[in-house]
């Protein structure tokens with residue numbers, strides 16, 4: 001029988017609301033009850049939030065206490081590398097994982113760095129995993145980069161234009177080449193399928209066998225694509241999300257045009273230099289959500305000359321859908337909560353701010369079925385705080401990861 005754990009919430013922060021005096025019951029890895037606490041006897045008591053989710057990170061790839069030369073955030077061997085899997089470059093003994101879990105940041109969407117136009121896959125992982133065996137939560141999508149970063153790497157291998165016009169031309173050329181290959185294959189496949197349909201009655205082939213022949217023909221056609229071409233097609237298909245590194249306003253508008261032209265599903269990640277509300281609104285109109293941040297880091301390049309903590313006010317006033325990132329190690333993963341202060345300064349409530357790194361980040365990453373809120377049926381990934389969660393001195397007295405108590409203080 002699954003162990004039963006009862007948490008008494010002095011206040012429960014859930015879905016942008018602050019709810020007083022609640023009881024949360026956990027059995028196994030799931031929440032089974034949320035109700036009024038009354039005089040219940042509890043195993044843990046304090047201020048309760050869902051576990052935090054970091055929507056964009058390089059944790060485990062740029063590692064604490066290791067020289068920069070050993071970092072694995074970028075592979076320098078080619079400009080377009082859609083098959084690169086960040087899970088293969090993560091060391092789970094990175095101290096940053098311990099610190100993240102200490103502060104309830106239990107999940108991260110990890111991506112390759114932004115030195116390549118297409119850097120590789122985007123993977124959601126458990127920060128509390130001992131190793132890669134149990135780390136993977138979701139194969140979320142791909143990482144792409146616009147602006148200064150991919151044009152700043154001319155000393156790396158592969159075709160490396162040094163202007164944005166050159167970089168974007170290279171990207172569009174690659175997309176067009178793959179789509180042309182696919183169109184040619186589709187013509188051949190269509191001809192093959194018509195031949196199969198015509199010959200089926202003559203051969204006495206029934207519907208079930210005919211369906212098997214059609215499936216085999218489709219698989220055979222796809223085998224004519226290289227694995228990299230197949231990954232580019234997957235990126236363009238709209239089935240997964242392309243996390244696009246972009247900072248400057250004109251590059252944001254280019255992303256919107258590119259997405260309209262090719263039809264892929266995108267999020268706009270960073271946007272540090274966006275300083276006009278209408279640009280955020282243009283993304284909203286295009287249906288492109290924002291993964292904002294990192295907040296409070298050094299504006300270390302010209303591309304960030306308009307970066308300002310007050311830009312959060314423009315984002316809040318816009319119609320855009322948004323979450324928040326650390327971009328670890330730019331901002332350390334465990335400081336995700338601290339970045340919420342810039343929204344509080346602009347007048348956001350504590351409850352709404354906490355929803356950004358719980359409910360909203362989970363929704364952005366397609367994890368809402370299991371994470372981001374405290375309700376019956378959800379995974380029991382929870383944080384009990386000794387004080388109000390956004391108090392400067394607040395610290396988790398208990399962290400629960402999918403029903404297991406992983407920190408207790």
Self-check item: the range 312-361: number of residues that are surrounded by fewer than 23 Cβ atoms within 10 Å (Cβ to Cβ), closer than 22 Å to residue 113 by Cβ and out of contact with any helix residue (DSSP H, G or I) (no Cβ under 8 Å at 6 or more places or on another chain)
Solution: 2
Quiz prompt | residue 234 being in a helix (DSSP H, G or I), surrounded by fewer than 18 Cβ atoms within 10 Å (Cβ to Cβ) and either on the phi > 0 side of the Ramachandran plot or under 18 Å from the mean Cα position of the chain (by Cα) (or both) | solution = yes
Quiz item: In the range 116-146, which residue that is touching a strand residue (DSSP E or B) at 6+ places or on another chain (Cβ under 6 Å) and part of a loop (DSSP other than H, G, I, E, B) is surrounded by the most Cβ atoms within 10 Å (Cβ to Cβ)?
Solution: 127
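Criterion first (under 30 Å from residue 163 (Cβ atoms), buried (at least 24 other Cβ atoms within 10 Å of the Cβ) and either touching a helix residue (DSSP H, G or I) at 6+ places or on another chain (Cβ under 9 Å) or modelled with pLDDT of 95 or more (or both)) does residue 106 satisfy it?
No; evaluated as a whole, the condition is false for this residue.
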Quiz item: Of (1) more than 28 Å from the chain's Cα centre (by Cα); (2) surrounded by fewer than 18 Cβ atoms within 10 Å (Cβ to Cβ); (3) assigned to a strand (DSSP E or B), residue 9 satisfies all except one. Which?
Solution: (2)
Quiz item: Going by the conditions given, is residue 314 under 24 Å from residue 107 (Cα atoms) and in a helix (DSSP H, G or I)?
Solution: no
Practice problem: Would you check if there is a residue in the range 216-225 being under 17 Å from residue 174 (Cα atoms) and either at pLDDT 95 or above or in contact with a strand residue (DSSP E or B) (Cβ under 9 Å, 6 or more places away or on another chain) (or both)? | Solution: no
Quiz prompt | Residues within the range 58-67 that are out of contact with any helix residue (DSSP H, G or I) (no Cβ under 6 Å at 6 or more places or on another chain) and closer than 23 Å to residue 295 by Cβ, tallied | solution = 4
Quiz item: Could you list, in sequence order, the residues of the range 251-271 that are surrounded by fewer than 24 Cβ atoms within 10 Å (Cβ to Cβ) and outside any helix (DSSP H, G or I)?
Solution: 263, 264, 265
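Among the residues of the range 380-392, is there at least one that is at positive phi, assigned to a loop (DSSP other than H, G, I, E, B) and surrounded by 23 or more Cβ atoms within 10 Å (Cβ to Cβ)? Step through it out loud before you land on a result.
Just the residues of the range 380-392 that are at positive phi, to begin with: none.
Checking the range 380-392: not a single residue is at positive phi, assigned to a loop (DSSP other than H, G, I, E, B) and surrounded by 23 or more Cβ atoms within 10 Å (Cβ to Cβ).
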Quiz prompt | Check on residue 248, buried (at least 18 other Cβ atoms within 10 Å of the Cβ) and either in contact with a helix residue (DSSP H, G or I) (Cβ under 8 Å, 6 or more places away or on another chain) or closer than 30 Å to residue 182 by Cα (or both) | solution = yes
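Here is a yes/no grid of residues against (1) at pLDDT below 90; (2) within 30 Å of residue 304 (Cα to Cα); (3) under 24 Å from the mean Cα position of the chain (by Cα):
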{"site": "158", "(1), (2), (3)": "no, yes, no"}
{"site": "168", "(1), (2), (3)": "no, yes, yes"}
{"site": "188", "(1), (2), (3)": "yes, no, no"}
{"site": "195", "(1), (2), (3)": "yes, no, no"}
{"site": "230", "(1), (2), (3)": "no, no, yes"}
{"site": "253", "(1), (2), (3)": "no, yes, yes"}
Quiz item: Can you pull out the residues in the range 12-46 that are assigned to a loop (DSSP other than H, G, I, E, B) and either in contact with a helix residue (DSSP H, G or I) (Cβ under 6 Å, 6 or more places away or on another chain) or surrounded by 18 or more Cβ atoms within 10 Å (Cβ to Cβ) (or both)?
Solution: 15, 16, 37
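The values are calculated or read from the model by the stated rules, or taken from the named source; none is laboratory data. In this text the structure is predicted, and so the values were computed from the model without any measurement. Every residue, glycine as well, gets a Cβ built from its backbone with ideal geometry; the counts of neighbours run over all protein chains shown.
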